[in-house]
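The values are calculated or read from the model by the stated rules, or taken from the named source; none is laboratory data. The structure presented is a predicted model; accordingly, all values stated were derived computationally and were not measured. Counting neighbours? That spans all protein chains shown, and the Cβs are built from the backbone with ideal geometry, glycine included. Protein only, heavy atoms only, side chains kept; ligands, DNA and RNA dropped before computing areas. Shrake-Rupley method; radii C 1.70, N 1.55, O 1.52, S 1.80 Å.
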Amino acid sequence: MNTKRSGELFEHAKKLIPGGVNSPVRAFGSVGGVPRFVERGKGASIWDIDGNRYIDYVLSWGPLILGHAHPAVAEALREAAEHGTSFGMPTTIELDLAQVIIDAMPSIEMIRFVNSGTEATMSALRLARAHTKRDKIIKFAGCYHGHADMLLVQAGSGVATLGLPDSPGVPEGTTADTIVVPYNDLEAVKEVFLAAPGEIAAVIVEPIAANMGFVKGKHEFLNGLQTLCKNNDAVLIFDEVMTGFRAGLGGAQRIYDLDPDLTCLGKVIGGGLPVGAYGGKKEIMQSVAPAGPMYQAGTLSGNPLAMSAGLATLRTLVGSGVFDDVSKKTAKLAEGIATIGKENDIPVQTGHAGTMFGAYFLRRSGVEITDYETAKRHADTDQYMKYFHAMLEQGFYFAPSQFEAGFVSSEHTDDDIENTLRAVEIFVKSERRT
Ligand SMILES: *Cc1c(COP(=O)(O)O)cnc(C)c1O
């Protein structure tokens, strides 16, 4: 595969932009090789600048559930652009998008739009702290909630670790109130609540974790978090930036039949434009300025282009059967990979929820990944690196890291899925241990 132009551009890019990219994983750091410069996308395909075509299972890291340049989204954007791209004044399209989301997710009674998932989680936590008049928050190792200072903590072995920042530049004071607990470990959360009675403002969790690979929250775990928060007057925040309209049309919360106090959204609800949102119980949301005292603002929040792309996307999904169809293809892909692994004695752990999936290559059989520790211990990142490049060479773009989820769109055909599985099989047979 010729990647000459991408290679040259990447070298040039590194002189202009740190690491050559505007978000770190794009640089292929954990898999090596040349990050592709994309020229265009259509449906399930992207073409790089050297003319290579790939079936895309990253889909801009989740948002493009209708694939690239979907006619409904493109048309909505064209129309919005012709009417003016930003006003900093209310428009009806914000109400339309708010209504679609509120109808789909019963726990959300009111919603505020922001411009990224990072802003959504950051604001939801400020709101939870304002509402409870407490400072401490609980997050889980391996859950990613964007890059706000207080959330850039993952370090957590043992039961509960007091947060130490993951990145230089994050003052220890900022993360001192962030308590990190292992994912899926309800006992550890109970211990934290016992040790700090009346001090926990919020628990923030990815109900299905999609930033340490793909790990489902156990039902008892998530349900237990809800009970603990209720009994301790703490705010339960579901970070559904990834899972909202991806795991299910009502997010993971409807799959698990849970009722978080606040929910963070992003990705799919912006249809490929920069959007985030946080919403939830009216009683809490009424504290957001100007209805209440908690300050949060945004020059471009509720931007007409972003709202239009999101609305066109959600309207295409809701009530149409499109989502179920994509979910079936996703299941076929994930289960197909599992079968190929089994038939060839290559241990893999796959999972799927709605239109998202994950596949870990394991260092040995008989182990299960349920949290960040086990993900780091059992995932065979070297084998994933080989897999990633083997798939890329055959024209299939999976995430350039073992610890990311995969995504399917309405534009992936059954043929695409079958061709993908054939390519997976070729790789797995070549890896077969004798
Ligand atoms: C992507 C993501 C974020 C951050 O969203 P950005 O738009 O990248 O700031 C937060 N939480 C989860 C679960 C995500 O997947």
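Over the chain, the Kirkwood radius and the radius of gyration, each from Cα atoms, give a ratio Rg/Rh of 0.96.
Of the listed pairs 267/429; 136/281; 15/329, which have alpha-carbon separations greater than 31 Å here?
Checking Cα-Cα distances, 267/429; 15/329 exceed 31 Å.
Projected onto their three principal axes, the Cα atoms of the stretch 298-363 cover extents of 53, 29, 12 Å, largest first. Taking only the Cα atoms of the stretch 294-434, the ratio Rg/Rh comes out at 1.07, with Rh defined as the Kirkwood radius.
Here the sum of -39500 (n - 2.57) over DSSP H runs of 4 or more residues, divided by the residues of the chain, equals -11500 deg cm²/dmol at 222 nm, to the nearest 500. Given a 1.4 Å probe and the protein chains as shown, residue 340 ends up with an accessible area of around 10 Å².
Of interest is the spacing of the C-alpha centroids, which for the stretch 301-366 and the stretch 1-38 amounts to 26 Å.
Average projection, convex hull of the Cα set of the stretch 228-344: 10.3 square nanometres. Using C-alpha pairs under 8 Å with a sequence gap of at least 6, the mean separation divided by the residue count of the chain gives a relative contact order of 21 percent. Counting Cα-Cα pairs of the stretch 71-317 in 10 Å increments starting at 0 gives whole-percent bin shares of 8, 33, 35, 18, 5, 0. Both radii were evaluated on the Cα set of the stretch 1-135; the Rg over Rh quotient, with Rh as the Kirkwood radius, amounts to 1.05.
Excluding same-chain neighbours fewer than eight residues apart, the aspartates and glutamates reachable from residue 42 by a Cα-Cα span under 12 Å are 56, 411. Local charge for residue 379 was computed over the other residues whose Cβ lies under 13 Å away, with Lys and Arg +1 and Asp and Glu -1, and equals -2.
Per residue, the average separation of C-alpha pairs within less than 8 Å and at least 6 apart gives the stretch 71-317 a relative contact order of 29 percent. Taking the charge dipole of the stretch 308-434 about its Cα centre, with +1 at Lys and Arg Cβ atoms and -1 at Asp and Glu Cβ atoms, the residue from 354, 313, 367 reaching farthest to the positive side is 367.
A Stokes-Einstein calculation at 4 °C with viscosity 1.567 mPa s, built on the Kirkwood radius of the stretch 162-251 over Cα pairs, returns a diffusion coefficient of 91 µm²/s.
For residue 3, the solvent-accessible surface with a 1.4 Å probe is about 30 Å², rounded to the nearest 10.
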